[in-house]
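Asks: Quick one: the structure is below, and I'll ask about it shortly.
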Amino acid sequence: MRKIVIAGNWKMFKTQAESLEFLQGFIRSLDQMPEEREVILCAPFTALPSLSKNLHGSIVYLGAQNVHWEENGAYTGEIAAPMLTEIGVRYVIIGHSERRQYFGETDETVNLRLKAAQRFGLKPILCVGETKQQRDTGETEAVISSQLEKDLVDVDQENLVIAYEPIWAIGTGDTCEVNEANRVIGLIRSQLSNPNVSIQYGGSVKPDNIDQIMAQPEIDGVLVGGASLEPESFARIVNYE
Ligand code: 13P
């Protein structure tokens, strides 16, 4: 059975105080949410410890936005998996397009990070997706196929979430047409050895398009940027109909 997984990616937003303020408004709205939905907040590193304390006993899981492949070492500015699991972090986003685009992340480092996350008890959310130019030149399938092939070498597909995030749809308000997102996610699934991996859609997910997105048979959840920053809008998303 594929699980429904709804994750907020806060990117580089929210201080510790702002994170706790969000939580106060958000937690209340989960009372009516069907139990089989998994909700994750992927917060900045500095907000994770206090969120973890305040989420104790709640159904919301915590995620980080990156993790290094070594257990420790001389890697200035990086974070190791045991530092995350110690404070109750369960998920980690790996290979987000912003890391690939601005911080030199490659399929090889994505693969190292995925394997390390799993080795140390974190569940990775692997992001894949094409640029506008790649889509316009008909390369979408090839690009995603190549990302999956390289990123998933020796990765355990029993402990994995994938997010299809077309780069041109991120932060632009230009959501991928739902049938097309459904089609690409179906293609991703056809390339996996485990048919039960949950595959999310990400890119301008909002309260007003969530019902339509989640009605698609291949889409098992969403990875939400901007609309996860306000408790009311993220609450509407997790409580989709
Ligand atoms: P937006 O929802 O702001 O488009 O961001 C999507 C994203 O990058 C989630 O990881």
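Asks: Rounded to the nearest whole Å², what accessible area per residue is found for the chain with the 1.4 Å probe?
Replies: Here the residues of the chain average 46 Å² of exposed surface.
Asks: So what is the 222 nm mean residue ellipticity for the chain from helices alone, if each DSSP H run of at least 4 adds -39500 (n - 2.57) and you divide by all residues, rounding to the nearest 500 deg cm²/dmol?
Replies: Counting only the DSSP helices, I get -10000 deg cm²/dmol.
Asks: Can you grab the distance from the C-alpha centre of segment 27-69 to the C-alpha centre of segment 89-141, Å, no decimals?
Replies: Between the Cα centre of segment 27-69 and that of segment 89-141, the gap is 21 Å.
Asks: Here is a follow-up. Once fully extended, how much extra length lies between LYS3 and SER190, figured as 0.36 nm per residue of separation less the alpha-carbon to alpha-carbon distance?
Replies: 65.6 nm
Asks: Now a separate question. When the accessible area of segment 79-211 is computed with all protein chains present and a 1.4 Å probe, what percentage of it is carbon and sulfur?
Replies: With neighbouring chains kept in place, the figure for segment 79-211 is 49 percent.
Asks: When ranked by the protection proxy of mean other Cβ atoms within 10 Å per residue, highest first, what sequence do the peptides 73-79, 40-46, 1-7 form?
Replies: 40-46, 1-7, 73-79
Asks: Follow-up. For segment 43-88, state the average projected area of the convex hull of the C-alpha atoms over all orientations, rounded to one decimal in nm².
Replies: Averaged projected hull area, Cα only: 3.3 nm².
Asks: Where a Cα-Cα gap under 12 Å defines reach, which aspartates and glutamates qualify for LYS206, not counting those fewer than 8 residues away within the same chain?
Replies: Result set, ordered by chain and number: ASP174, GLU230, GLU232.
The values are calculated or read from the model by the stated rules, or taken from the named source; none is laboratory data. For clarity, every value in this text was computed on a predicted model and none was experimentally measured. Cβ sites come from the backbone with ideal geometry, for glycine too, and all protein chains shown count toward neighbours. Heads up: the accessible areas ignore ligands, DNA and RNA and are worked out on the full protein's heavy atoms, side chains in. Shrake-Rupley method; radii C 1.70, N 1.55, O 1.52, S 1.80 Å.
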